[in-house]
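The values are calculated or read from the model by the stated rules, or taken from the named source; none is laboratory data. This is a predicted model, so every value here is computed, not measured. All Cβ positions, even for glycine, are placed from backbone atoms using ideal geometry, and neighbour counts span all protein chains on display.
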């Protein structure tokens, strides 16, 4: 984790394969996805660089990869907005599909997700078998990502920071996705009942019991992640700073002062006592959906919201690298990294350092940029693809 990792990459005759603990996509296939009618990328598990003009469809590839993990993907798009649109297609068509051959420490597996004709729900298949929940994807593939939209994560609403933290939790605890989904579903159902004036105690009590149980589990998983991540995040990695991490909220405070069962009782009581207030305001005033993920730049002592744009980008990169190292060291699962326009706001020193760190890490990485020259330091260490006119063409 020191500056010893920072060096110029020497070109090699054979592309280096990821570490044996890495989950990697060997082949990616798209059907009716965003700008792509059909597309296939043979990555063979290597790091891939996707370059091309703005709007060419580079980020669409990363989004497709992100949908092979639990959650709504890096754009959090509605299912009906993902299917390819065009004059030649029925405007009502909503079917799309993403499929991949994935190799991990336990061997190879075929993953697929999408919306089929006549279906209004997302489906997930593993080796051709339809799964009951998206969380099953997390058993085979984990991914962390950074996008340009996340450059403002420290100065905008806390919901984006929570999602970023939860994505790190998925890397070591795939079941966290199921807890989040169950909690969010119960929260929406409770809000609907209160909004509609339904005050059936049995119904509300059952929902609030679920909210308390799942909510405490969600908060405990986040606290555990931060405690485990601290060792990896506080040590600087070349020009990327050490980072102090914390999470704040009522629920986290209760888990610090009381055991989990008492914290559950307190959360359940908080929901019950706030029904009238929550009916007026919508949502719920207390719970892990109100918590905030806090980050501090250790060398300067500044909180992330007060750092410069370049420092904030460096903090995000440092956290993602730390999360990957922790998952590898403690769980033997190295997540895939999706880095969209990653060289923006990085000076040449930090850019070259990042490439060297990623190479040493051994994860499969997918990166995008407008110009292949931005990635010259990866020649011989990554597979390059030019993206143009809804086509992905291997180069060199």
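Some points to look at:
- Given (1) in a loop (DSSP other than H, G, I, E, B); (2) surrounded by fewer than 21 Cβ atoms within 10 Å (Cβ to Cβ), index of the condition residue 141 fails: (2)
- Just one residue in the set 133, 142 is closer than 22 Å to residue 289 by Cα, touching a residue at least 40 places away in the same chain (Cβ under 8 Å) and in contact with a helix residue (DSSP H, G or I) (Cβ under 8 Å, 6 or more places away or on another chain); that residue is 133.
- Qualifying residue in region 281-299 (condition: assigned to a strand (DSSP E or B), in contact (Cβ under 8 Å) with a residue 24 or more places away in the chain, surrounded by fewer than 18 Cβ atoms within 10 Å (Cβ to Cβ) and touching a helix residue (DSSP H, G or I) at 6+ places or on another chain (Cβ under 7 Å)): yes
- Residue match in region 367-375 (condition: surrounded by fewer than 19 Cβ atoms within 10 Å (Cβ to Cβ), more than 16 Å from residue 52 (Cα to Cα) and in the same structural domain as residue 60 (by TED's automatic domain parsing)): no
- Selected residue (criterion: surrounded by the most Cβ atoms within 10 Å (Cβ to Cβ)) from residues of region 113-123 that are touching a strand residue (DSSP E or B) at 6+ places or on another chain (Cβ under 9 Å) and touching a residue at least 24 places away in the same chain (Cβ under 8 Å): 114
- Any hit, region 233-256, residues being part of a helix (DSSP H, G or I), in contact with a strand residue (DSSP E or B) (Cβ under 7 Å, 6 or more places away or on another chain), crowded, with 17+ Cβ neighbours inside 10 Å and modelled with pLDDT of 95 or more: yes
- Any chance residue 342 is in the same structural domain as residue 138 (by TED's automatic domain parsing) and under 16 Å from the mean Cα position of the chain (by Cα): yes
- The residues listed here are 268, 349; of these, the one that is over 22 Å from residue 74 (Cα atoms), in contact (Cβ under 8 Å) with a residue 40 or more places away in the chain, out of contact with any strand residue (DSSP E or B) (no Cβ under 7 Å at 6 or more places or on another chain) and outside the structural domain of residue 163 (by TED's automatic domain parsing) is 349.
- The residues listed here are 278, 224, 196, 184; of these, the one that is more than 22 Å from residue 160 (Cβ to Cβ), out of contact with any strand residue (DSSP E or B) (no Cβ under 7 Å at 6 or more places or on another chain) and surrounded by fewer than 16 Cβ atoms within 10 Å (Cβ to Cβ) is 196.
- Restricting attention to region 172-215, the residues that are more than 14 Å from residue 276 (Cβ to Cβ) and either assigned to a loop (DSSP other than H, G, I, E, B) or not assigned by TED's automatic domain parsing to the domain that holds residue 227 (or both) total 6.
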